[in-house]
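One structure below.
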């Protein structure tokens, strides 16, 4: 494994040996694999019988346990400066709130509403990323973000009548997902992904644990079958893709990741149709919606293939709070 250097030739400020930045084609290919793994989460959620809050709690517990072993095994110290730890914990708290809003939207308004509102993440990112990276808002990104929502609506054959609270939870989920995606886009250049994710998962775990102070009866022991699926969910659909996406964010912008992430329901529905052919038939609107989303991913990828001079080059120092 090689030590990564920036264009200036300076050595990174952290003490980790990290993988060199991916090329753009490699990053796009890896991102598709990441989205495919994320697409499996809904299938696993179909198999796991416990409620949303304990599901997320056990998922995070497994993530923390795996990373607490893996990070030292890679020769990385678990210690970071106090200011950096607080910064990572802040992002992790946003991750926890995102998951609570998303699963809350599923419970209150249904899966379709939750997935459709989450697709507005690209639209939110089109506003938030320019602010974070100090560049102008690009109207083309706003247009792509809006068209993504239309593509997902076609995909899900949507006729929604959500409650205001369910809609608010879904949009809140998208907003918080956009926030932590952009923040990780900055942090990914300065911290080994495994250690960054460990701190974020720990903070998210604290946030989700607070839910049990309100509803302690929800904390239940999973069955042996559920525990097996939770391990798969925690390792293959959380640790692996989340660590890999932090590597991808060293090459691709948060907006590109947000747009591509909206292929997740495409992969989910294809997997569901394959595994449950009688329950999940695919109609014409699915193929139209999938074509729209794939086209937008390709258009955005081609548009961003050339270097963007307005994006600041990554520095070797952790940005000030």
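Maximal additional length on extending the residue 214-residue 235 stretch stands at 4.7 nm, based on 0.36 nm per residue less the C-alpha distance.
For segment 20-92, what does the alpha-carbon gyration tensor say about shape, rounded, prolate or oblate, given a ≥ b ≥ c as the root eigenvalues, a/c under 1.5 as rounded, and a/b over b/c as prolate? Oblate, because a/c is 1.5 or more while a/b does not exceed b/c.
At an R0 of 35 angstrom, the distance between the Cβ atoms of residue 276 and residue 143 translates into a FRET efficiency of 0.50. Would any residue of segment 201-231 have its amide N under 12 Å from a label point 7 Å out along Cα→Cβ of residue 68? List them or say none. Zone members listed by number: 202. Checking the a/c ratio against 1.5 first, then a/b against b/c, what shape does the Cα gyration tensor give for segment 184-299? Here segment 184-299 falls in the oblate category.
Read the figures in this text as sums done on the coordinates, not as results from a lab. Everything quoted here is computed from the prediction, not taken from an experiment. Glycine gets a Cβ as well: all are built from the backbone with ideal geometry, and neighbour counts include every protein chain shown.
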